[in-house]
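The values are calculated or read from the model by the stated rules, or taken from the named source; none is laboratory data. Keep in mind that what you see is a predicted model, and the values were worked out from it rather than measured. Backbone-built Cβ (ideal geometry, glycine too); neighbour counts: all protein chains shown. When the accessible area is computed, the model is the full protein with side chains, heavy atoms only, and any ligands, DNA or RNA have been set aside. Shrake-Rupley method; radii C 1.70, N 1.55, O 1.52, S 1.80 Å.
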Amino acid sequence: MSNEHSHAGNPASPPEDSAAGVMTKCVACSRELRSAVVCDYCHTLNPIGAPTDYFALLGVPRLFNLDADELRRRYLELSRHAHPDFFTGGSEESQVLAMTISSSLNDAYRTLSDPFERAEYLEELLGGPSSAVDKTTPQGFLDEMMVLQEELTEARLAGDHLALERHGETLRARLAQMMARVAELFADFESQLGCEGIRLECLGRIRRQLNAVSYIRRLVSMTAGT
Amino acid sequence: MADENDIILGIDLGTTNSLGAYFTAGGPKLIRDETGNGMVPSVIALAEGKVSVGSEAKRQAVLNPLTTVYSVKRLMGRGLADVQQELRFLPYHIVEGNHETVRVEVDGRLLTPQELSAIILNEVRGRAEQALGRKITQAVITVPAYFDDAQRQATRDAGRLAGLDVKRIVNEPTAAALAYGLDRKESATIAVYDLGGGTFDVSILRVDKGVFQVLSTHGDTHLGGDDLDRELIDLITTEIQSQFGSHLSFGPSTRQALRDFAEMTKIRLSAELSATVEVDLGEGRVYRRTITREEFERRAKPWIDRTIDACRQAVTAAGVSVEEIEQVVMVGGCTRIPLVRRAVEEFFQREPYTAINPDEVVALGAAVQAGILAGVQRQMLLLDVIPLSLGIETLGGAVGKLIMRNSTVPCRASEVFTTSIDGQTSVDIHVLQGERELVIDCRSLGRFRLTGVPPMPAGLPRIRVTFQVDANGILHVSAVEERSGRAAAVQITPSHGLTGEEVDRMVKESWKYAITDMTAHRLIDLRNETQRILAAIEKSLARAGSVLLPAQKQALDAAVAALRAAAAGEDADALWNAMSAANDAAMPLTQAQMDAVLEQTARGRKVDEF
Ligand SMILES: [Zn+2]
């Protein structure tokens, strides 16, 4: 047995052309769909047309800068109409559809509600390089980390919980700072409307920043013990 | 939709007690007997073909310890290796079954934990039918949140064996949250601490205008009130042996009596500062001892510390801080223990909330979920999570995670597989559950064999396997070969569980082995089945009666007459026998019809071909 990788939750190859905001119509009432799967007006479940990205599923703009409360409100509202609990008396077909749609909404929310996961997802969706392809980090980052990682390993071996906790705190602050930078880079990208070359350069910068964030996240989990 | 006959019973199938509840316009209501008691002890006595359940079974446990079965929940979805810890405390015999399962040997029979649980479920159902005066065929059954896939499936199978259509398996802590009606809150983060007879769970939830979203859950399916009882049993037996000689061994009856003493002492120590135990060992030897609460707490503390560790992990996994948790709900009889309350209060920095009887709250919550599923309660929705990660075995005995723990259900993941040999038509997948990196450290959930892959050169097929976890937290696997578009068949060999065929067979045999005969159900079910059989025979006779030989026709007529007579009587066993006899007598008729069908299809095909 052998198997190829296809990450749960990530579309194998993000579609280039599916622009933000799906303009398809509800199968039941023909009004425009905001979420690709649940009609805002008649609450009918619409089959998932492939390919549909997470932003389209939840019917939110394809932006990094999403309001967490608004995203959650949206997710809960859609779940109120799509959850299998409300279809137990329905046909087999409607039960399967509810399970499929609910599963997708859950996947979408899990990914988009975490800023790092959202950034990774959006980066690939916009056609940026994946972490498997481009493993580089911003200049000077690795040198700086080398020292820190040594200190962490030492603290772990010595069982120095105080030191680990102190490092954890510093790293979490650093993480927040770095994610703020990610937000800036995405805003940069969004303002570069015309030139494809500059846009690709932006995505490259985001990639390097995300690789660094991913590194810091691993270090944070090191400070948490286990 | 809310038809009178459509009532869905909420059932808390507990380690020590089970309860039923149903949903009404005024909220969930517990099923109680004439004395107002809602709890059915999860105890079964089987002797000489007679089955008794609940208080009656519990009362005679000391007299017949070998034929009294309790704590069955600890055996659900488990193999012999998993229950070693339990074995030394359970007086009844446990042997190994198929696919790493266990069987309980009692009254000359080997019964699965599923069948035994079915007996308890049937008792709860029977009581509900009596109280409500109507037949009940649908249920929501609760399980510990930390139950794995095999344990959930075992519970669902138990429901089927009891003749129930199990509409949903719900996690106990989440059910409790539903019962508390915290939906009236605009938005809040709450914790549910659930210490039952044999399991411990903690769940962190976010409640938002009626939507209950579980953020994380953690627990231990080998930790419960039973363990605290055992601490007391150990204390008493050690002292008895040191007082009256270490050679003194305890027979099953004495052990059962000690168990009762321990349970009573534990309960007394929640209200009082000390309790006195007296055990008459015969021959003038009397062991007498006063156990203080402090002594008990010293022994209970390591167990309670473990629950607090789980709380810490659940809070971390939920991504919240302890300060953000606004309410802590207590569930399970053991949360009456003062030490438990103190420990929970100290950790959460908040006085625990206990407005609803901790023994009843789970069943009430199951009834609320039943109301949601029946469409009568549309204001609430439960978004629960899968407690353990799901993965598949990859090269070198490692586990590739597909679905992470604490993912909201339903959820799905897919993975593409291919073949490694030219012309290979099947692929094996080993699915595991757990958090560790290696196969040997995770729990095997089962092996899935995908067959019907079109023969192609090695590496060419693209078999997309979809792992779908439903709202019950139960996994379903399906597969499609993408190049040919052909669906592959999936054969499952469960680890720690029953195959679909085994359950089907047990459902049939349950009539013969009287698993469901504690109530009038059996007779009703058999009569319904009789009507179906009689109608089928009549139809066949009209269609193909001419193929029967005179002797065969005579035998069939006689069997049908006997069956009609038996159906009018009250003897279920006689009816069962008459039904089997009629089935046998109708065999030549069935055979002839089958042949006719086959011939027709064959003819049809020929016409097509030419
Ligand atoms: Zn519509």
- Could you work out which residue, out of A:Ile206, A:Ile198, A:Ile101, moves most in a Gaussian network model of chain A, that is, has the largest mean-square fluctuation with Cα springs under 10 Å? A:Ile198
- Find how many whole Å separate the alpha carbon centroid of region B:303-334 from the alpha carbon centroid of region A:65-94. 28
- Note on the structure: With the charge dipole of chain B built from beta-carbon charges (+1 for Lys and Arg, -1 for Asp and Glu) about the Cα centre, the Cα from B:Pro338, B:Gln554, B:Val124 projecting farthest to the positive end belongs to B:Gln554
- Calculate what fraction, in whole %, of the accessible area of region A:129-222 sits on carbon and sulfur atoms when a 1.4 Å probe is rolled over the protein chains. 56
- Percent relative contact order for region A:129-222, counting Cα pairs under 8 Å at least six residues apart, stands at 48
- Task: Leaving out ligands, DNA and RNA, calculate the buried accessible area for the pair B and A with a 1.4 Å probe, summed over both sides, in Å² to the nearest 100.
- Result: 3000
- Message: Show me the trypsin sites (Lys or Arg not before Pro) within region B:307-404 that DSSP assigns to loop and that have at most 14 other Cβ atoms within 10 Å of their Cβ.
- Response: B:Arg378
- Of all DSSP beta bridges having both residues in the protein assembly as shown, the percent classed as antiparallel (nearest 5) is 80
- Note on the structure: For chain B, the longest principal axis of the Cα atoms and the Cα long axis of helix B:225-244 enclose an angle in degrees, to the nearest 10, of 60
- Query: Roughly speaking, to the nearest percent, how much of chain B's 1.4 Å accessible area is carbon and sulfur?
  - Reply: 51
- How far is the Cα center of region A:112-162 from the Cα center of region B:363-393, in Å? 37
- Under a GNM of chain A (C-alpha, springs under 10 Å), which listed residue has the highest mean-square fluctuation: A:Val213, A:Val147, A:Val182? A:Val147
- Message: Charges at C-beta only: +1 for Lys and Arg, -1 for Asp and Glu. How large is the resulting dipole of chain B about its Cα centre, in Debye rounded to 20?
- Response: 760
- Task: Using only Cα atoms, locate the centre of region B:6-27 and the centre of region B:200-236, then give the distance between them in Å, rounded to an integer.
- Result: 20
- Gyration tensor verdict on chain A (Cα atoms; rounded if a/c is under 1.5, prolate if a/b is larger than b/c, oblate otherwise): prolate
- Pairing the Cα long axis of helix B:113-132 with the longest principal axis of chain B, what angle in degrees results, from 0 to 90 and rounded to the nearest 10? 90
- Between their Cα atoms, which of B:Lys29/B:Lys167; B:Lys29/B:Lys266; B:Lys508/B:Lys553; B:Lys58/B:Lys266; B:Lys29/B:Lys135 are more than 22 Å away from each other? B:Lys29/B:Lys266; B:Lys508/B:Lys553
- Quickly work out the A:Asp114-to-A:Ser221 label distance, labels modelled 7 Å from Cα along the C-beta direction, and quote it in nm with one decimal. 0.9
- Note down the nm distance, to one decimal, between modelled labels 7 Å out along Cα→Cβ at A:Arg181 and at B:Leu63. 7.9
- Item | Cα-Cα pairs of region A:129-222 separated by more than 15 Å (percent) | 65
- Query: On the first, second and third principal axes, largest extent first, how far apart are the outermost C-alpha atoms of region B:1-140 in Å?
  - Reply: 47, 33, 25
- Ordering of B:411-422, A:160-171 by packing [mean C-beta count within 10 Å, highest first]: B:411-422, A:160-171
- Compactness of region B:105-166, expressed as Rg and Dmax over alpha-carbon positions, Å: 12.7, 36
- With a ≥ b ≥ c the root eigenvalues of the C-alpha gyration tensor of the protein assembly as shown, is it rounded (a/c under 1.5), prolate (a/b larger than b/c) or oblate? oblate
- What GluC sites (Glu not before Pro) does region B:43-135 have in DSSP loop regions with at most 15 other beta carbons within 10 Å? B:Glu48
- Note on the structure: Charge tally for neighbours of B:Arg483 with beta carbon under 11 Å away, counting Lys, Arg as +1 and Asp, Glu as -1, is +1
- Label-to-label distance, nm, for residues given as B:Arg436 and A:Thr153 (7 Å Cα→Cβ offset): 2.6
- With the other protein chains left in place, how much accessible area per residue, in square angstrom, belongs to region A:129-222 at a 1.4 angstrom probe? 61
- Message: Nearest 10 degrees is fine. How inclined is helix B:550-568 to the longest principal axis of chain B, computing both from alpha carbons?
- Response: 30
- Accessible area per residue in Å² at 1.4 Å probe, computed on region B:218-296: 47
- Query: Once a ≥ b ≥ c are taken as the square roots of the eigenvalues of the Cα gyration tensor of region A:52-184, is the result rounded (a/c under 1.5), prolate (a/b larger than b/c) or oblate (a/b not larger than b/c)?
  - Reply: prolate
- Note on the structure: Which of A:Leu210, A:Leu71, A:Leu122 fluctuates most in a GNM of chain A (C-alpha springs under 10 Å)? That residue is A:Leu71
- Drop in accessible area of at least 50 Å² in the complex versus isolated chain, residues of region A:62-101, 1.4 Å probe: A:Arg72, A:Leu76, A:Arg80, A:His83, A:Asp85, A:Phe86, A:Thr88, A:Met99
- Query: What does the average come to when, for each residue of peptide A:102-114, you count the partner chain Cβ atoms lying within 10 Å of its Cβ?
  - Reply: 4
